[in-house]
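In what follows, a structure is listed as structure tokens, so that the remarks can point back to it.
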Amino acid sequence: MIHGNNTLAIAVQAATADQYDRANALAANLGIPLLQKDTKEFQYLLICSADSIALKQTDKNGPGPIMVNFTGPTMEYRLKHGGGRSQALARAIGLKKGRQPSVIDATAGLGRDGFIMAHLGCHVHMLERSPILAAMLEDGLQRAKQAAAQTAEIAGRIQLTHADSNEFLQKLKLQDWPDVIYLDPMFPERTKSSLVKKEMRILRGLAGDDQDAGKLLDIALHCARNRVVVKRPRLAPTLDDTVPSHAITGKTSRFDVYLV
Ligand SMILES: C[S@@+](CC[C@H](N)C(=O)[O-])C[C@H]1O[C@@H](n2cnc3c(N)ncnc32)[C@H](O)[C@@H]1O
């Protein structure tokens with residue numbers, strides 16, 4: 001597991017010669033090696049290309065690559081056909097006409113849910129503790145800010161901090177409490193079939209199992225103004241023994257809502 005900068009497990013590679021300077025700067029920032037030629041020495045590679053930083057497993061049979069991409073067709077489709085203000089996520093965070101809650105997305109991951117919430121008009125502060133994922137998010141947000149006007153406007157509502165949410169939330173001053181704290185911790189693996197599951201496998205390999213998610217929920221409940229929302233697979237048990245106020249079930253996920 002790579003929570004910190006495990007120099008044996010991960011390295012940066014430039015996809016093309018013109019990406020060398022960016023790759024070099026990224027490697028220096030993360031304190032990990034820059035790979036000059038292919039080697040099996042590393043379990044993961046962060047590949048800098050003209051349009052993303054992609055994370056891939058070097059194992060030929062491994063899943064991946066994964067990337068943060070707020071401008072590609074997958075996100076475009078989700079923004080267009082995801083159900084807008086009536087989708088389960090929007091209802092779970094309490095979005096109403098004329099009311100866009102402020103959100104801390106305390107488990108940002110690849111930033112997709114956070115970006116959807118910003119698309120719905122919320123100001124979203126993403127927190128991510130994995131330095132690798134935080135760097136990928138930073139890169140994705142910079143690209144989104146330079147993209148077409150609507151994407152840039154959405155990205156303008158997003159702030160990103162590389163931090164452990166357990167610590168960050170405990171230090172939050174009362175005036176900075178958000179309306180909503182959103183949690184989507186890793187869920188134990190079941191099958192390995194779909195693309196989403198493959199993404200989750202590589203994400204889990206990188207970021208771990210989030211076994212402290214119950215503690216994060218407890219902390220979040222003490223510094224949200226209105227509610228904490230926890231995303232779970234549709235039929236999964238609740239995150240811990242705390243009983244949600246209600247749940248909103250979508251196609252594949254359930255959102256447990258804890259009103260405070
Ligand atoms: C399942 S992913 C979230 C996926 C995300 N909702 C998305 O739409 O892409 C969980 C992420 O939460 C992060 N995480 C878990 N606990 C955290 C904590 N205490 N502080 C910051 N990040 C945390 C993990 O590193 C991982 O990247």
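The values are calculated or read from the model by the stated rules, or taken from the named source; none is laboratory data. What you are looking at is a predicted structure, and each value in this text was computed from that prediction instead of being measured. So basically every Cβ, Gly included, is an ideal-geometry build from the backbone, and we count neighbours across all protein chains shown. In case anyone asks, the SASA skips ligands and DNA or RNA and just uses the protein heavy atoms, side chains included. Shrake-Rupley method; radii C 1.70, N 1.55, O 1.52, S 1.80 Å.
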Response to the item:
Gly98 fails exactly one of (1) under 18 Å from the mean Cα position of the chain (by Cα); (2) open to solvent by 40 Å² or more (accessible area, probe 1.4 Å); (3) on the phi > 0 side of the Ramachandran plot, namely (1)
Worksheet entry | Unique residue being within 15 Å of the ligand (Cβ to nearest atom) and either among the β-branched types (Val, Ile, Thr) or surrounded by fewer than 20 Cβ atoms within 10 Å (Cβ to Cβ) (or both) when the list is Met136, Met186, Met117 | Met186
Worksheet item: Looking at segment 16-105, what strands (runs of 3 or more DSSP E) fall wholly within it and have at least 2 residues that are at pLDDT below 95?
Response: 44-48, 53-57
Discussion item. Looking at (1) surrounded by 13 or more Cβ atoms within 10 Å (Cβ to Cβ); (2) over 27 Å from Gly83 (Cα atoms), which one does Val260 not meet, given that it meets all the others?
Written reply: (2)
Worksheet item: Looking at this structure, is His162 modelled with pLDDT of 95 or more, open to solvent by 50 Å² or more (accessible area, probe 1.4 Å) and assigned by TED's automatic domain parsing to the domain that holds Ser102?
Response: yes
Practice prompt. Kindly list, by first and then second residue, each pair from a residue in segment 108-132 that is β-branched (Val, Ile, Thr) to a residue that is assigned to a helix (DSSP H, G or I), limited to pairs with Cβ atoms under 7 Å and residues at least 6 apart or on different chains.
Written response: Ile116/Arg78; Ile116/Leu89; Val124/Gly114; Val124/Met117; Val124/Ala118; Ile132/Leu30; Ile132/Leu206
Worksheet, complete the sentence: The number of residues in segment 212-233 that are outside any helix (DSSP H, G or I) and either in contact with a Lys or Arg (Cβ under 9 Å, 6 or more places away or on another chain) or open to solvent by less than 20 Å² (accessible area, probe 1.4 Å) (or both) is 8
Fill in: Filtered residues of segment 8-23 (kept if over 11 Å from Ala50 (Cα atoms) and either open to solvent by 70 Å² or more (accessible area, probe 1.4 Å) or acidic (Asp, Glu) (or both))
Leu8, Asp21
